[in-house]
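The values are calculated or read from the model by the stated rules, or taken from the named source; none is laboratory data. In this text the structure is predicted, and so the values were computed from the model without any measurement. A quick note on method: Cβ atoms are made from the backbone with ideal geometry, for glycine too, and the neighbour counts reach across all protein chains shown.
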Amino acid sequence: MRVVLAERGLDRDILLDSAGTSDWEAGSAPDPRSMSIAERHGIDISRQRARKLTQDDFSRFDLILAMDRSNLRDLKALVPAAMRDRVHLFLEFAEGRASDVPDPYHEGPDAFALVYRMIREASEALATRLEARLSAPDSGQASSTT
């Protein structure tokens, strides 16, 4: 998503972050297979580190996007009632598909490549939506969770 925003010149206007709903991977680098597929596409994610979502994130970001329904349920249990409209399923919000982004962790390189393509295509669609929001009053920040 960061690359898509940068390609469109939106990276200065949109604050983007990634966080998990649990802390068991906090501080960890991305999976080496994720780094490999990103590198094949000219993207360096080696400096990224996992972090756990905080309550402040719900007020800091206008959008909190979950990659799958399990994380969506966790987010909806955590989000203050007044901010529930900020929490969405990533593919549903970006492309109108009520689908999960599959976790490729227990799969091979082809699964990582498929997930990369899914996220890239949805990121393009999401960037288009965010561009429209930026031109509207009261634009803000975006985030995703994994």
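Look at (1) outside any helix (DSSP H, G or I); (2) out of contact with any Gly (no Cβ under 6 Å at 6 or more places or on another chain) and you find that LEU126 fails only one, number (1). Checking each residue in segment 45-70 for being without any contact (Cβ under 8 Å) to a residue 24 or more places away in the chain and touching a helix residue (DSSP H, G or I) at 6+ places or on another chain (Cβ under 7 Å) picks out ILE45, SER46. Take ALA82 and tell me if it is over 21 Å from ARG120 (Cβ atoms), without any contact (Cβ under 8 Å) to a residue 40 or more places away in the chain and hydrophobic (A, V, I, L, M, F, W, C). It is true that ALA82 is over 21 Å from ARG120 (Cβ atoms), without any contact (Cβ under 8 Å) to a residue 40 or more places away in the chain and hydrophobic (A, V, I, L, M, F, W, C).
Find the residue count for segment 13-36, including only residues that are modelled with pLDDT under 95 and assigned to a helix (DSSP H, G or I). Number of matching residues: 0.
Check whether at least one residue in segment 39-46 is farther than 24 Å from SER70 by Cβ, touching a Ser or Thr at 6+ places or on another chain (Cβ under 9 Å) and part of a loop (DSSP other than H, G, I, E, B), and report yes or no.
Filtering segment 39-46 for residues farther than 24 Å from SER70 by Cβ gives 39-44, 46.
If we keep only those that are touching a Ser or Thr at 6+ places or on another chain (Cβ under 9 Å) too, we end up with 39.
Now narrow it down to the ones that are part of a loop (DSSP other than H, G, I, E, B): none.
For segment 39-46, residues farther than 24 Å from SER70 by Cβ, touching a Ser or Thr at 6+ places or on another chain (Cβ under 9 Å) and part of a loop (DSSP other than H, G, I, E, B): absent.
Screening GLY108 with (1) surrounded by fewer than 15 Cβ atoms within 10 Å (Cβ to Cβ); (2) modelled with pLDDT of 95 or more gives one miss only, at (2).
Of all the numbered requirements in (1) out of contact with any helix residue (DSSP H, G or I) (no Cβ under 8 Å at 6 or more places or on another chain); (2) in a helix (DSSP H, G or I); (3) surrounded by fewer than 17 Cβ atoms within 10 Å (Cβ to Cβ); (4) in contact (Cβ under 8 Å) with a residue 40 or more places away in the chain, ALA113 misses one, and that requirement is (1).
Inside segment 8-39, can you point out the residues that are free of Cβ contacts under 8 Å to residues at least 24 places away in the same chain, farther than 13 Å from ILE119 by Cβ and surrounded by 12 or more Cβ atoms within 10 Å (Cβ to Cβ)?
Keep residues of segment 8-39 that are free of Cβ contacts under 8 Å to residues at least 24 places away in the same chain, which gives 9, 11-12, 24, 28-30, 32, 35, 39.
Narrowing the set further to residues that are farther than 13 Å from ILE119 by Cβ leaves 9, 11-12, 24, 28-29, 32, 35, 39.
Answer for segment 8-39, where residues must be free of Cβ contacts under 8 Å to residues at least 24 places away in the same chain, farther than 13 Å from ILE119 by Cβ and surrounded by 12 or more Cβ atoms within 10 Å (Cβ to Cβ): ASP11, SER28, ALA29, MET35, GLU39.
Restricting the first member to segment 121-146 and to residues that are modelled with pLDDT of 65 or more, and the second to residues that are small (Gly, Ala, Ser) and assigned to a loop (DSSP other than H, G, I, E, B), the beta-carbon pairs closer than 6 Å and six or more apart or on different chains are ARG133/SER139.
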